[in-house]
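Enquirer: This is the structure I want to talk about, given as structure tokens.
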């Protein structure tokens, strides 16, 4: 789509003000002029126009119609005029608009569609062209632009563009289509594609013309064709269109409903400030609207329209290939060359489709995957037929159609293969097959020339095409061996066997070689030599045997379950194109030998698919619970399905059995005809092997089984020393570097995963299996793990450099349940983690954890125990940060009552009193009665605390400076700036020297100093400092931290004061949204952000958004703070002003009288009315013991 300069004002440029001057073609200009004269209508350009792909002109106009011959006495309105040129179709676009308007959900019509104006009927042009008069949803266009214009102005990678594209698809699928409008259409793929392509594929059509250069494309379509970047031929998409020969898919049951029919960025209109209201998307040009259209079509066409706009910029072949593969498989393909902006758009569109299918609960996710690929192929052919595109671009779209057709056909074959399994119609002419519940196995590929016995094939009944394709790519890329590695039970052997079935026919010979030990591999080659008629001693003439085998043709060898590279290295042939090697192994250390493909098991979708297909009556939610407890491990899932088939045991009972008796359950449900050993036996064999070769590794595994599934920092083990289990401690004590050898031994059997710098992790099912041991063994390992975590505690989270450690320790602290330990060090670490959560802004979680610890420790150790009182302090900290000031005051008063027994000037008592003073400061500033009593009490306490800390610690101590910071805040709130300002400066300079510039406490003191500067009239200096503080806090604390939100508020206040209201609005919008998520909708800070956002919205001409927001803030402030609170009165005043501006003078007067009545009471109590101090700053608390 090409656009004019959007939103241009005629007064500011050379754009004509008369509508007739805008129209390019003679006929519509003449017809419109005649109509204006006949109806007495004048039209004036209203400063908005777009041009569509079809050549249509769309612009806004002011219309006046004379009712009695005098201008201005009839109708006057703003409208959209659309001039649609002649087109080769018999469909009447005005009728389609009316149809869409009549049958779409009323709310969707009101908010998302253009409306035909009945008093302004459409004007007919020659060739089925039209001039139409429309009203856009919402009635305004000044703030709106087409998505195409926005993308041209800002670029596809601009923040929010990808999200906006996702919202477009979400609106079309979920908002436009109600349950009443959605149904099925039943047709084969060829019919679906023919309907999509229409006349384009007929003789003389754009696709027919494009394909005329090669009769094998469309006239007499050959089945396959070569595609750039693909090692094999792909299906000819035209052959898929012309009949069922390729697909053989019968009638598809496709979801159909209401569809735009020509969804592209030029037909989507949204706000210029699209990040403010991403849901506010509107749809124009309904010339191809349909009521019975496959719902996959609109998203596919929209996505390819977006791609077509940027394809000219992506000229590199590798980028185009990568882009095509990602479009076909956005869930599986990992793009390396696609630009981030395009990648994000594809992700959002695909995510919106998937979310709608899953959220609709129609059970059609698999079908949608198939149909999406079919629609992608059809839409790619539509773009192939676009003459306006460059030749190379059209060829790229055709190759995209081929790729999508190939992926579609693979899914169809997979589905039909599974159907044959369930129908019991398959027969195998090769290896014995595993059968499940009377289901006959799928036939093996008869063209594979097996030269050795091979394992029994397990039909998991879920697709593994993605993995097979990746292995095929790796084997072909560099000619090196490929190693499928992964923990036990992930299906490595079965995946390798499946690869042999699907790709083995490309080789002259295929051999399966058990490789657990070197001597076993030697025996396997001896057997192979005998089968091939070669009388050779493998032990002495191995090289001769390998050379002889190579001369007989191309070989695919599978070395199954190799324990290490050393086992297989002597059997390799360097740079021999006739020798392809695929290895399966639990060990991860193969980088020197070949390409490693890590297999981690199924994703959740495939896990639930396996279970629901195998177990009659098992719901998807129950299957999800079973998959969760089994960690999506294929062998465990297969055993579970075998166990549950025909069993009276339900899903809930099975999950309970696994959680309580893991070892026994992992030994059940095994089919001895298929698996030589159960998963339990497999794990026992691995552990027995370690007991012989590396007994310390078994100790390490039992220890690691106690930690959470998230990676454990290696330093936790490395620094543990004598606290490790006895055997491991003794080994490491002799040679610390031996710890890495033990870790390697444990990872070599697949039971421990080394994730580089991230640390070590263990599959949750293996951990549960190892914990299913005698109670004393588990208890000993668990206490050891707890002590290691406590030892790793860096000593408190006030310093930012400790945060990374606490973030890594957090899941393990929770998994180990440190409050249950009797070790004081574990209690201290737990409270440090609670404190860390409050420092980082996750205050709700911190409150829940502190409350849990307080309840348990109060019951275990008593009300007065030091650990109980410490938990009370941390709970109070969380409560005050969440705005529950009275609860915090009550808790801290209880702490003081107990700490005072140590002495009134004991450091712990002084800390408790400082915390109480902080609570009182917040209470005085943010509750219903700005209590002078609370403020006076806080001031007395704070002066006493400062005096004591100066006497005990000296002027430059950190704790003294923090106490002085709180005192400075109090003094500033009392307008005692002559004392407050120098004290703020002293504190800030002192904390910079003691803690550094980026420490959170230093930044908090800097913020207080900036506010004091502003109060004292140094606004320029305050503004510069606030901007700097906001940048620093954002970098150090992250965007969701409460301190960052407060800085954003202060910075926005400064920007507003100096006239930059747009920047202020952006900051306030972000702070308000994050405040609602982090602090809650009723938190005083959140309400403060909302109040000032409403003020700025009103000042920038957005009363439609300011009004609802100020109403909500006013209601909440009344409930939280009370009617008489100064902040409530400020909001009431803004609310009254907005009511007056919208004509509601009566309600405005009532609010104004209420403000006039209550404000003097606040002034009498000393409340401040200057808005510069609307934000008082954030008092600091000291950590408890």
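Enquirer: State the number of residues belonging to the range 377-398 that are farther than 13 Å from residue 207 by Cβ and touching a helix residue (DSSP H, G or I) at 6+ places or on another chain (Cβ under 7 Å).
Expert: 3
Enquirer: What about residue 560, is it surrounded by fewer than 18 Cβ atoms within 10 Å (Cβ to Cβ) and either over 30 Å from residue 640 (Cα atoms) or outside the structural domain of residue 685 (by TED's automatic domain parsing) (or both)?
Expert: On the way: surrounded by fewer than 18 Cβ atoms within 10 Å (Cβ to Cβ): no; either over 30 Å from residue 640 (Cα atoms) or outside the structural domain of residue 685 (by TED's automatic domain parsing) (or both): yes.
Judged against the criteria, residue 560 is not a match.
Enquirer: Give the residue, chosen from 720, 686, that is within 25 Å of residue 600 (Cα to Cα) and touching a residue at least 12 places away in the same chain (Cβ under 8 Å).
Expert: Working: 720 fails: within 25 Å of residue 600 (Cα to Cα).
Result: 686 is the single residue among 720, 686 that is within 25 Å of residue 600 (Cα to Cα) and touching a residue at least 12 places away in the same chain (Cβ under 8 Å).
Enquirer: Can you tell me which residue among 427, 434, 496 is surrounded by 15 or more Cβ atoms within 10 Å (Cβ to Cβ), modelled with pLDDT under 70 and more than 31 Å from the chain's Cα centre (by Cα)? Before you say what the answer is, go through the steps one by one.
Expert: Values: 427 fails: surrounded by 15 or more Cβ atoms within 10 Å (Cβ to Cβ); 496 fails: modelled with pLDDT under 70.
Every option except 434 fails the conditions.
Enquirer: If a residue has to be outside any helix (DSSP H, G or I), without any contact (Cβ under 8 Å) to a residue 24 or more places away in the chain and under 23 Å from residue 405 (Cα atoms) to count, how many in the range 177-202 make the cut?
Expert: Total satisfying the criteria: 1.
Enquirer: In addition: State all residues of the range 1056-1077 that are touching a residue at least 24 places away in the same chain (Cβ under 8 Å) and either touching a strand residue (DSSP E or B) at 6+ places or on another chain (Cβ under 9 Å) or surrounded by fewer than 23 Cβ atoms within 10 Å (Cβ to Cβ) (or both); if no residue qualifies, say none.
Expert: 1056, 1057, 1058, 1061, 1062, 1069, 1070, 1074, 1077
Enquirer: In this structure, is residue 945 free of Cβ contacts under 8 Å to residues at least 12 places away in the same chain and under 25 Å from residue 1007 (Cβ atoms)?
Expert: Numbers: free of Cβ contacts under 8 Å to residues at least 12 places away in the same chain: no; under 25 Å from residue 1007 (Cβ atoms): yes.
Here the answer is no, as residue 945 does not meet what is asked.
Enquirer: May I pose another question? Going through 686, 735 one at a time, which residue ends up being assigned by TED's automatic domain parsing to the domain that holds residue 773, at pLDDT below 85, out of contact with any helix residue (DSSP H, G or I) (no Cβ under 8 Å at 6 or more places or on another chain) and closer than 30 Å to residue 626 by Cβ? First the steps, then the outcome.
Expert: Numbers: 735 fails: closer than 30 Å to residue 626 by Cβ.
Answer to the check: 686.
Enquirer: Among the helices (runs of 4 or more DSSP H) lying completely within the range 979-1078, list those that include at least 1 residues that are within 25 Å of the chain's Cα centre (by Cα) and closer than 24 Å to residue 838 by Cα. Before you say what the answer is, go through the steps one by one.
Expert: Working: elements: 1000-1015, 1019-1037, 1042-1057, 1061-1078.
Result: 1019-1037, 1042-1057, 1061-1078.
Every residue, every condition in (1) free of Cβ contacts under 8 Å to residues at least 60 places away in the same chain; (2) touching a helix residue (DSSP H, G or I) at 6+ places or on another chain (Cβ under 8 Å), yes or no:
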| position | (1), (2) |
| --- | --- |
| 785 | no, yes |
| 788 | no, yes |
| 792 | no, yes |
| 796 | no, yes |
| 811 | no, no |
| 816 | no, yes |
| 820 | yes, yes |
| 825 | yes, yes |
| 831 | no, yes |
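Enquirer: Spot the failing condition for residue 60; the list is (1) closer than 24 Å to residue 86 by Cβ; (2) assigned to a helix (DSSP H, G or I); (3) at pLDDT below 85, and only one is missed.
Expert: Unmet for residue 60, out of (1) closer than 24 Å to residue 86 by Cβ; (2) assigned to a helix (DSSP H, G or I); (3) at pLDDT below 85: (2).
Enquirer: If you go through the range 518-525 one residue at a time, do you hit one that is within 30 Å of residue 639 (Cα to Cα) and surrounded by fewer than 19 Cβ atoms within 10 Å (Cβ to Cβ)?
Expert: Narrowing the range 518-525 to residues within 30 Å of residue 639 (Cα to Cα): 520-521, 524.
Remaining after also requiring surrounded by fewer than 19 Cβ atoms within 10 Å (Cβ to Cβ): 520.
Yes, the conditions are met somewhere in the range 518-525.
Enquirer: Kindly evaluate residue 609 against the criterion of being modelled with pLDDT of 85 or more and buried (at least 19 other Cβ atoms within 10 Å of the Cβ). Working first, answer last.
Expert: Details: modelled with pLDDT of 85 or more: no; buried (at least 19 other Cβ atoms within 10 Å of the Cβ): yes.
The answer is no for residue 609.
Enquirer: Sticking with this one: State which residue is nearest to residue 464 (Cα to Cα) when the search covers only the range 604-619 and only residues that are part of a helix (DSSP H, G or I), in contact (Cβ under 8 Å) with a residue 24 or more places away in the chain and out of contact with any strand residue (DSSP E or B) (no Cβ under 7 Å at 6 or more places or on another chain).
Expert: Of the residues in the range 604-619, the ones part of a helix (DSSP H, G or I) are 604-614.
Then keep just the ones that are in contact (Cβ under 8 Å) with a residue 24 or more places away in the chain; that gives 604-607, 609-611, 613-614.
Checking which are out of contact with any strand residue (DSSP E or B) (no Cβ under 7 Å at 6 or more places or on another chain) leaves us with 604-607, 609-611, 613.
Values: 604: 13, 605: 12, 606: 9, 607: 12, 609: 12, 610: 12, 611: 16, 613: 16 Å.
It comes out as 606.
The values are calculated or read from the model by the stated rules, or taken from the named source; none is laboratory data. It should be emphasised that the depicted structure is a prediction, and the values quoted were computed from it without experimental measurement. Quick reminder, even Gly has a Cβ in these numbers, built from the backbone with ideal geometry, and neighbours come from all protein chains shown.
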